[in-house]
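Heads up: the structure comes next, in structure tokens.
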Amino acid sequence: MIKRRTFLQYSALVTGSTLISSSTLQAQQSKWFMPEESETHERTWMSFVASYDIWEDRQVPEVQKNLADIAMTIAKFEPLSILVRKKDFTLVEELLGGLNNHKYPIDLIPFELNDLWMRDTGPAFVINDNSEKAAINFNFNGWGEDQEYALDEKVAGFVTKLANVRSISSNLVLEGGCFELDGQGTAIMTESCILNDNRNPGKSKELVEGELKRLLGLEKIIWLKGIKGKDITDGHTDFYARFVRPGVVVVSRDTDKSSYDYQITRDNIDTLSKATDADEKPFELIILDTPWEITEKFGTKDFAAGYVGYYVCNGAVIMQKFGDKKADKEAKDKLAKVFPDRKIVQIAINGIASGGGSIHCATQQEPLV
């Protein structure tokens, strides 16, 4: 059973704001909230694609292998549905070794895609006090129109229909990687991503907060500054900080002094060490240092070398490893300590990491009601 804070009762609505739509009003009246990722899932959603139009030739086969490894690992713990381009069906079936050769069968669904990042293109699932489920479409625009997205902008609506839940629209533009929440009223978000003119021009922090609080069931948002323009996401939150549970946050700390994230990650730690949640309680921070050694053969320019991009599914935490034995082990041991009731499974995703992503970026959970 999903637990949550008692929501604040809003006696009045902001008027004159372009953010408030009829769907948003309905969402507020229904008291929707997004459960924390570790709550029980009905299934996981993924997109299986590595297009030569976007990825380098040397990356594509490895990205495909990484996606298959992620999928087969998840299928040991919960149902999985994957969107697949028609021309990739035979390849995907071969890589998966059969759809029913897993603890949970894998469902392949034909759909044309640009890229694999279901965390960003898919909908954010929410539930309410009446045990109803809905999905929010946050209007994916290719991370501020930095990449072709004509196909991916349709993913959220398509997944919502497949899940057979009501759709909630918003005038905000953002991605699932932009925010992290504890399911109890507190969220961590990056200003560089959400409060960015390439996504939400002319919208104030106050208006954005009001919309997100109504849609996701939040009472308090902690803002990290992030950084614009250094990667395609403009500094997604799920690369920097993740909730383990209310009051406990895993935070990345960059070990490379030449990296722009070296100071950013330390600023994040400073901000979160001084912050409190919606109950005004301080956070326990679990710091995960980035690896020093990585595999370079698939490219290093955009390589996402960090352990915070793990994915929590039913009974397990699926996390990345990079070949730095000391750093890999330290990260795994720390997650095992904070997730004592879950199996920690570590897999290599060097292809996906070379494109700036993680296991978390490639997945989206649908909560069980």
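Step through the table entries 228/297; 203/274; 274/326; 154/257; 87/301, compare each Cα-Cα distance with 32 Å, and write down the pairs that go over it.
On the way: 228/297 27 Å; 203/274 27 Å; 274/326 30 Å; 154/257 40 Å; 87/301 29 Å.
Going by Cα-Cα distance, 154/257 fall outside the 32 Å limit.
Taking 0.36 nm per intervening residue step and subtracting the Cα-Cα distance, what contour gain separates residue 132 from residue 167 on full extension? Mind dumping the intermediate values first?
Values: separation 35, 0.36 × 35 = 12.60 nm, distance 1.17 nm.
My answer for the length gained is 11.4 nm.
Among 72, 46, a tally of other beta-carbon atoms within 10 Å of each Cβ gives an order, fewest to most, of 72, 46. Which of the chymotrypsin sites (Phe, Trp or Tyr not before Pro) found in the stretch 23-132 are loop residues per DSSP with 12 or fewer other Cβ atoms within 10 Å of their Cβ? Here the chymotrypsin sites (Phe, Trp or Tyr not before Pro) that fit, given the DSSP loop and packing criteria, are 52.
Treating each Cα of the stretch 203-276 as one equal point scatterer and applying the Debye formula with no solvent, the log10 of I(q)/I(0) at q = 0.24 Å⁻¹ comes out as -1.25.
Between exposed GluC sites (Glu not before Pro) in the chain, where DSSP calls loop and at most 16 other Cβ atoms lie within 10 Å, what's the longest gap? Could you put the intermediate results ahead of the total?
Working: sites that count: 56, 112, 132, 148, 219, 280, 293, 296.
Value returned for the longest uninterrupted segment is 297-369.
Coupling constants for the stretch 162-178 follow from the phi torsions by the Karplus curve (6.51 cos²θ - 1.76 cosθ + 1.60, θ = phi - 60°), and in residue order they are 5, 6, 6, 10, 6, 9, 10, 9, 8, 8, 7, 10, 6, 10, x, x, 6 Hz; glycine and proline get x. For the stretch 129-201 versus the stretch 304-324, the spacing of their alpha-carbon centroids is 22 Å.
Taking the centroid of alpha carbons for each part, the stretch 240-263 and the stretch 77-123 are 30 Å apart.
When you filter the trypsin sites (Lys or Arg not before Pro) in the stretch 210-275 for DSSP loop state and at most 12 other Cβ atoms inside 10 Å of their Cβ, you are left with 257. For the chain, adding -39500 (n - 2.57) for each run of n ≥ 4 DSSP H residues and dividing by the number of residues yields -7500 deg cm²/dmol at 222 nm.
Would the stretch 153-251 count as rounded, prolate or oblate if I go by the C-alpha gyration tensor, calling it rounded below 1.5 in a/c and otherwise prolate when a/b exceeds b/c, oblate otherwise? Rounded, because the longest to shortest axis ratio a/c is under 1.5. Farthest toward the positive end of the dipole of the stretch 102-141, out of 134, 113, 102, is the Cα of 102, where the dipole comes from beta carbon charges about the Cα centre. Shape of the stretch 67-127 from the C-alpha gyration tensor: oblate (a/c of 1.5 or more and a/b not above b/c, with a ≥ b ≥ c the square roots of its eigenvalues).
Look at 54, 127 and count the other Cβ atoms within 10 Å of each Cβ; fewest to most, that gives 54, 127.
Of the trypsin sites (Lys or Arg not before Pro) in the stretch 72-119, which ones lie in a loop per DSSP and count no more than 14 other C-beta atoms within 10 Å? Please list the in-between numbers first.
Numbers: sites: 76, 85, 86, 87, 103, 119; in loops: 76, 85, 103.
Those that pass, being in a loop and sparsely packed, are 103.
With an a/c value of 1.5 or above and a/b not larger than b/c for the gyration tensor axes a ≥ b ≥ c computed over the alpha-carbon atoms, the stretch 289-369 is described as oblate. Each residue of the stretch 289-301 is assigned a 3J(HN,Hα), and the resulting list reads 6, 6, x, 8, 9, 9, 7, 9, 5, 9, x, 10, 4 Hz, derived from the Karplus form 6.51 cos²θ - 1.76 cosθ + 1.60 (θ = phi - 60°), x at Gly and Pro. Rg of the Cα atoms in the chain, relative to 2.2 N^0.38 Å, amounts to 0.92.
Taking amide H positions as modeled 1.01 Å from N, with prolines and chain starts lacking one, the residues under 5 Å from residue 124 and 5 or more places away or on another chain are 136, 138.
Computed 3J(HN,Hα) for the stretch 309-323, one whole-Hz value per residue from the Karplus formula 6.51 cos²θ - 1.76 cosθ + 1.60 where θ = phi - 60°, is x, 7, 10, 9, 10, 4, x, 8, 10, 9, 10, 8, 10, 10, x, glycine and proline marked x. Near residue 313, the amide H atoms lying under 5 Å from its own belong to 318; only residues 5 or more places off or on other chains count, and H is placed 1.01 Å from N.
Kindly state, to the nearest 0.05, the FRET efficiency for residue 336 paired with residue 280, given R0 = 41 Å and r defined as their beta-carbon distance. Rounded to the nearest 0.05, the efficiency is 0.85.
Just so you know, all these numbers are worked out from the coordinates, no wet-lab data involved. Note that the coordinates shown come from a computational prediction; the quantities given were computed from them, not determined experimentally. Heads up, the Cβs are rebuilt from the backbone with ideal geometry, glycines too, and the neighbour counts pull from every protein chain shown.
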